[in-house]
1. Of the residues Ile278, Ile240, which is within 16 Å of the ligand (Cβ to nearest atom), over 24 Å from Leu45 (Cα atoms), buried (at least 19 other Cβ atoms within 10 Å of the Cβ) and among the aliphatic types (A, V, I, L, M)?
2. What number of residues within the range 190-215 are within 16 Å of the chain's Cα centre (by Cα), assigned to a loop (DSSP other than H, G, I, E, B) and under 15 Å from Cys172 (Cβ atoms)?
3. For residues that are within 16 Å of the ligand (Cβ to nearest atom) and assigned to a loop (DSSP other than H, G, I, E, B), scanning just the range 119-147, find the one that is surrounded by the fewest Cβ atoms within 10 Å (Cβ to Cβ).
4. Mind checking which residues of the range 148-179 are assigned to a helix (DSSP H, G or I) and either aromatic (Phe, Trp, Tyr) or more than 8 Å from the ligand (Cβ to nearest atom) (or both)?
5. Consider Ala223 against the criteria (1) in contact (Cβ under 8 Å) with a residue 60 or more places away in the chain; (2) more than 16 Å from the chain's Cα centre (by Cα): it satisfies all of them except one. Which criterion is unmet?
6. With the structure loaded, tell me whether Asn101 is away from the ligand (no atom under 16 Å from the Cβ), in contact (Cβ under 8 Å) with a residue 24 or more places away in the chain and within 23 Å of Ile289 (Cβ to Cβ) or whether it fails that test.
7. For the range 291-306, indicate whether the set of residues that are β-branched (Val, Ile, Thr), modelled with pLDDT under 95, surrounded by fewer than 19 Cβ atoms within 10 Å (Cβ to Cβ) and outside any helix (DSSP H, G or I) is non-empty.
8. Hey, among the residues in the range 219-265 that are in a helix (DSSP H, G or I) and among the aromatic types (Phe, Trp, Tyr), which one's farthest from Ser198 (Cα to Cα)?
Amino acid sequence: MISVSNQLINIYFQEYLNLKDFPEISLKREDQIHPFVSGNKFRKLKYNLKAVKDQNRHTLLTFGGAFSNHIAATASAGREYGIQTIGIIRGEELEDKIDKNPTLAFAKAQGMQLQFISREKYKLKDTPDILKYFKKCFGDFYLLPEGGTNSLAVKGCEEILTPQDTIFDYICVPVGTGGTMAGIVNSSKPHQRIVGFSALKGNFLEKEIKKWTTKTNWEITDAFCFGGYAKVNEELVDFINEFKTKTNIALDPIYTGKMLYGIFELAKSGFFPKNSRILAIHTGGLQGIQGMNLQLKKKNLPLIEI
Ligand SMILES: *Cc1c(COP(=O)(O)O)cnc(C)c1O
């Protein structure tokens, strides 16, 4: 049984917004679950790793981009559980830049076998033909989709909320593929509303969530994605740095930073009724900061303080 603490952060909230009767907000520190297997990725991998063992298999193959938290987490968990991991990485050009990419260098050091493919081929990653091709290259493997979302991942994420969390009226969570949010929706109570903060532009994620849940006490907004996946600007970086200074809690720039920024904006606009209690899920992702800082440096933008 893993226990993760909920940390009250509304002192900062009140100060930031200069509001006295601001909703109470707590942060579930899933980022502290494991030193390398980041927050929600740990939840998503748990039953999948068990399945690999139960099926007597030895290799797990999955997909991801250059700075993928999922790739880093899978590599580390594979090593810990004695499972060989193969990462199919988007972008052939990365092949001879592994050492310059903190995520890929970490995955490699954890023993993950990295295979780089072109962006065109990567788009075909879910087709039977390419899977046949990978079987030919690597032999038998357990397949985990990009981002690690499948029914066992959703099952793992159903364990994020605990009975003590029923006191909260709102649960806020960042959304990539939607697996984490779906798990939280599944284990939520009818009086709770789940608000997803999309890291991507567009409303296609609603369809994804509906694949995994029949409940309707949820909504997703892409209003705080800062233009799209992995896009950041100075305002977001400043927010993340200020939050860290005030609370001593690090946020990542792709998911949790945007979610907290969004929660603050929604709170200012009166979205949360007076006296409501909010639980925000810190899903981790801190390994991505280093890689993001390399990008920020290139663009002459301020860096995220680690
Ligand atoms: C992957 C990830 C998410 C998104 O999870 P999904 O289940 O794909 O929606 C959110 N936060 C962090 C830190 C992540 O690494």
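1. Ile240
2. 1
3. Asp126
4. Taking the range 148-179 first, the residues assigned to a helix (DSSP H, G or I) are 148, 151-157, 163-167, 179.
Residues satisfying the conditions are Ser151, Leu152, Val154, Lys155, Gly156, Pro163, Gln164, Asp165, Thr166, Ile167.
5. (1)
6. yes
7. Restricting attention to the range 291-306, the residues satisfying the condition of being β-branched (Val, Ile, Thr) are 304, 306.
When the remaining residues are screened for being modelled with pLDDT under 95, the result is 306.
Of the ones still in play, those that are also surrounded by fewer than 19 Cβ atoms within 10 Å (Cβ to Cβ) are 306.
If we keep only those that are outside any helix (DSSP H, G or I) as well, we get 306.
Yes, the range 291-306 has at least one match.
8. So the residue we want is Phe243.
The values are calculated or read from the model by the stated rules, or taken from the named source; none is laboratory data. Everything quoted here is computed from the prediction, not taken from an experiment. As a convention, Cβ positions derive from the backbone with ideal geometry for all residues, glycine included, and neighbour counts pool all protein chains shown.
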